[in-house]
Amino acid sequence: MSSEESPLGFLVRAIAFAAEKHRHQRRKDAAASPYINHPIALANVLANEGGVFDPVVLCAAILHDTIEDTQTTAEELEGMFGSEVTAVVLEVTDDKNLDSHLRKRLQIEHAPHRSPQAKLVKLADKICNLRDLLSAPPKDWGAERKLDYFDWAAQVVAGVRGTHAGLEAIFDGLLAREGELGQARDWAARYYEH
Ligand code: ZN
């Protein structure tokens, strides 16, 4: 953010940039929602549920999947949004050259060592993903896979605890609803027995 730019202008610029980059992508839910809904949901959780108004954190939330899931480069982000935001985005970007099991393990291992800004983005990301799994899950995910995701997300969030009590409580509230996925599993088991 340059000295003459307002934090709101900076944030809106990030939203416009991310919307452009993700414009052809869809979520995996049955309705195939626009991908940009996800980064906007993170920023909404941070600002309006967590009271986080640091423009670096909000912009990093908006941009958090641009390097991982679009053609965006770190250099491009740095030129547009500066080194601070870019550093946070890079902290929450998985190395797609690694297989998904290793990437998931590294998220657990790296979480405690991330900056406070990156930990906030991680926390909001996992809150949004658990909400999506409870209300609008990927259409081809069975209960087992959703339960695995809940367990993994809990391990990642264990590494960021102590960052924001309010958001951690929101995450825990969602985690406690894991039983709703279990019911789905029982229902599915019964369904396939008959
Ligand atoms: Zn995400």
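Side notes on the structure shown:
- Search result, residues across the range 19-31 that are part of a helix (DSSP H, G or I) and either touching a His at 6+ places or on another chain (Cβ under 8 Å) or not basic (Lys, Arg) (or both): Ala19, Glu20
- Residue check for Val89: buried (at least 16 other Cβ atoms within 10 Å of the Cβ), under 18 Å from Ile15 (Cβ atoms) and touching a residue at least 60 places away in the same chain (Cβ under 8 Å): no
- Looking across the range 109-131, just one residue is more than 16 Å from Val88 (Cβ to Cβ), crowded, with 20+ Cβ neighbours inside 10 Å and either out of contact with any Phe, Trp or Tyr (no Cβ under 8 Å at 6 or more places or on another chain) or acidic (Asp, Glu) (or both), and that is Cys128.
- Of all the criteria given as (1) touching a Leu at 6+ places or on another chain (Cβ under 6 Å); (2) more than 13 Å from the ligand (Cβ to nearest atom), the one not satisfied by Ala124 is (2).
- All positions within the range 138-151 that are more than 15 Å from the ligand (Cβ to nearest atom) and either surrounded by 15 or more Cβ atoms within 10 Å (Cβ to Cβ) or among the hydrophobic types (A, V, I, L, M, F, W, C) (or both): Trp141, Ala143, Lys146, Leu147, Phe150
- Taking the range 6-55 as the range and being touching a helix residue (DSSP H, G or I) at 6+ places or on another chain (Cβ under 8 Å), basic (Lys, Arg) and within 20 Å of Leu77 (Cβ to Cβ) as the test, the residues that pass are Arg13, Lys21.
- For Ile108, the requirement of being within 12 Å of the ligand (Cβ to nearest atom), assigned to a helix (DSSP H, G or I) and among the aliphatic types (A, V, I, L, M) is not met.
- Flag for Ala16 being in a helix (DSSP H, G or I) and closer than 20 Å to Arg114 by Cβ: no
Any read-out appearing in this document is the output of simple, stated calculations on the displayed coordinates, not a laboratory observation. Predicted model, so just to flag it, every value in this text is computed and none were measured. Note that each Cβ is placed from the backbone with ideal geometry, even for glycine, and that neighbours are counted across all protein chains shown.
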